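A short worksheet on the structure shown next.
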Amino acid sequence: MTALRHDWTRAEVCALFELPFNDLLARAHAVHRAHHDPNAVQVSTLLSIKTGGCPEDCAYCPQAARYDTGVAAHKLMSVEAVLERARAAKAAGASRFCMGAAWRAPKDREVAQVAEIVAAVKALGLETCATLGMLSAPQADTLKSAGLDYYNHNLDSAPEFYGEIIHTRQYQDRLDTLEHVRDAGLKTCCGGIVGMGETREQRAGLLQTLATLPEHPQSVPINRLVQVAGTPLAGTAELDPFEFVRTIAVARLLMPASMVRLSAGRAGMSDELQALCFFAGANSIFYGEKLLTTGNPDVAHDQALFARLGLHALEVEPEPGTAHADLVAADACCGDGRANCGCSAAA
Ligand code: SAM
Ligand code: DTB
Ligand code: SF4
């Protein structure tokens, strides 16, 4: 096992990015195998519980009210409506249910409503995660008391690139929320977005900042920008897919014990690119046809991909006859996963 370090320098992180691709992947995969089952992938389902109409100006985001993206605004869903979706996610094989709200910072009344939702989802036997924007320390405590496991709050970019993407809150605001989340005893889910026009050094800067937080986030989502028409970042030059794999590999090397999530952008990736990402150290995905407002690969496609790669879903006892049972069993099947496989995982 590699010892965890919290003192990575920018030069060291840049040097990792500069390695020959095969050397970088070999190193990242060795660290991955030493800390994790290389064939296990954690699966989370995401639901937008409050959509659109957000006052912030995040240049990538289809939910910012100021951009004309065609996303219809919806108020906070009822407990019962969320539960219905959480039950379906569990039956389909998710072990964690992540709830996103398009808020800058929720009001205390809204946090109380989400706390009720969290408690109900948790009672189904799912792990819970929420992403609601900036939180005060008491709000983080309220969510922890309700049974929340993870809070997602991303740094999104390197500190020096942030001002080109978001003007309505500061980098320090994000660090403050992360501190409140850690102090409340919640697990942190924190990562960023690549493909926003940043330089390689700025990608290194994002990962260096994540890896030098007081604790490595337990979950590190690496999002590839989903370009949405109407947002300022629509039309940005596409990131070289190998550079995306490098970003996953460097995240794995810097934060060996964390779960690295191959997050937004999977719908636009080939199976081969995703396989390279899993080899480089990604071991978590969003599972289900939708992220918050944009698409994600079909469940059947992911099941077939797991089967072809001999991957299985991490943790939770599968209920017999569910899609989850198929995902968990994927590495026990013929491993083919294509139309001629005939095993349940390829259905
Ligand atoms: N409003 C809250 C906030 O900003 O913290 C929570 C929801 S927000 C949609 C959660 C994260 O989604 C953002 O921090 C960003 O990393 C990611 N995201 C949003 N739009 C995206 C896009 N078009 N492509 C990739 N990631 C995106
Ligand atoms: C994260 O890092 N990625 C997820 C989750 N945390 C909340 C969100 C991705 C959103 C992609 C754009 C959309 O679907 O609206
Ligand atoms: Fe609002 Fe979050 Fe989207 Fe920014 S990322 S515009 S805060 S919903």
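Taking LYS75 as the anchor, which aspartates and glutamates have their alpha carbon closer than 14 Å to its alpha carbon, excluding any fewer than eight residues away along the same chain?
GLU110
Rank these residues by their accessible area, most exposed first, probe 1.4 Å: HIS167, HIS35.
Numbers: HIS167 115, HIS35 40 Å².
Sorted by accessible area, descending: HIS167, HIS35.
For the chain, what's the relative contact order in percent, using C-alpha pairs closer than 8 Å and at least 6 residues apart?
Numbers: 703 pairs, mean separation 77.5, N = 347.
Across the chain, relative contact order equals 22 percent.
How much length is gained if the chain between ALA234 and ASP37 is pulled fully straight, taking 0.36 nm per residue apart and subtracting their Cα-Cα distance, in nm to one decimal? Don't skip to the end; give the middle numbers.
Details: separation 197, 0.36 × 197 = 70.92 nm, distance 3.71 nm.
Here the answer is 67.2 nm.
Quick check on the chain: helices-only [θ] at 222 nm, where DSSP H runs of length 4 and up contribute -39,500 (n - 2.57) each and the sum goes over total residues. Nearest 500, please.
Numbers: 12 runs with 133 residues, N = 347.
Theoretical 222 nm ellipticity from helices: -11500 deg cm²/dmol.
With each label point set 7 Å from Cα along the Cα-Cβ vector, what nm distance links GLU315 and ASP23?
It is 3.6 nm.
Quick one: grab the alpha carbon gyration tensor of the chain, order the square roots of its eigenvalues as a ≥ b ≥ c, and give me rounded if a/c is under 1.5, else prolate or oblate depending on whether a/b is larger than b/c. All intermediate terms of the calculation are to be shown ahead of the outcome.
Values: a/c = 1.41, a/b = 1.06, b/c = 1.32.
Rounded, since a/c falls under 1.5.
So what is the accessible area of the chain per residue, in Å², with the probe set to 1.4 Å?
On the way: 13550 Å² over 347 residues.
Spelled out: the 1.4 Å probe surface of the chain, per residue, equals 39 Å².
Measure up LYS50/LYS187; LYS50/LYS107; LYS90/LYS290; LYS144/LYS290 against 18 Å on the Cα-Cα distance and list the ones that go over.
Details: LYS50/LYS187 22 Å; LYS50/LYS107 13 Å; LYS90/LYS290 15 Å; LYS144/LYS290 26 Å.
From the list (LYS50/LYS187; LYS50/LYS107; LYS90/LYS290; LYS144/LYS290), the Cα-Cα distance tops 18 Å for LYS50/LYS187; LYS144/LYS290.
Given labels modelled 7 Å from the Cα in the Cβ direction, how far is it in nm from ARG104 to GLU84?
3.3 nm
Can you tell me the order of 243-250, 105-112 when each peptide is scored by its average per-residue count of other Cβ atoms within 10 angstrom, highest first? Don't skip to the end; give the middle numbers.
Values: 243-250: 24.0, 105-112: 15.1.
For the peptides 243-250, 105-112, the packing ranking is 243-250, 105-112.
Applying 1/(1 + (r/R0)^6) with R0 = 51 Å to the Cβ-Cβ distance of ALA30 and ALA73, what FRET efficiency is obtained, to the nearest 0.05? Present the calculation step by step, with values, prior to reporting the outcome.
Details: r = 47 Å, r/R0 = 0.92.
The computed FRET efficiency comes out at 0.60.
Roughly speaking, to the nearest percent, how much of region 214-291's 1.4 Å accessible area is carbon and sulfur? Kindly include the intermediate steps, with their values, before the conclusion.
Numbers: 1420 of 2390 Å².
After summing per-atom areas, the C and S share lands at 59 percent.
Given 0.36 nm per residue, what is the gain on full extension from THR9 to ALA112 after removing their alpha carbon distance, in nm? Can you show the working numbers first?
On the way: separation 103, 0.36 × 103 = 37.08 nm, distance 4.04 nm.
Full extension of this stretch gives 33.0 nm more.
Taking a point 7 angstrom from the Cα of HIS167 along the C-beta vector, which residues in region 59-99 have backbone N less than 16 Å away?
59-61, 64-68, by backbone N distance to the label point.
The values are calculated or read from the model by the stated rules, or taken from the named source; none is laboratory data. Computed from a predicted structure; not experimentally measured. All Cβ positions, even for glycine, are placed from backbone atoms using ideal geometry, and neighbour counts span all protein chains on display. For the accessible areas, the whole protein counts, side chains as well, though only heavy atoms, and no ligand, DNA or RNA atoms are used. Shrake-Rupley method; radii C 1.70, N 1.55, O 1.52, S 1.80 Å.
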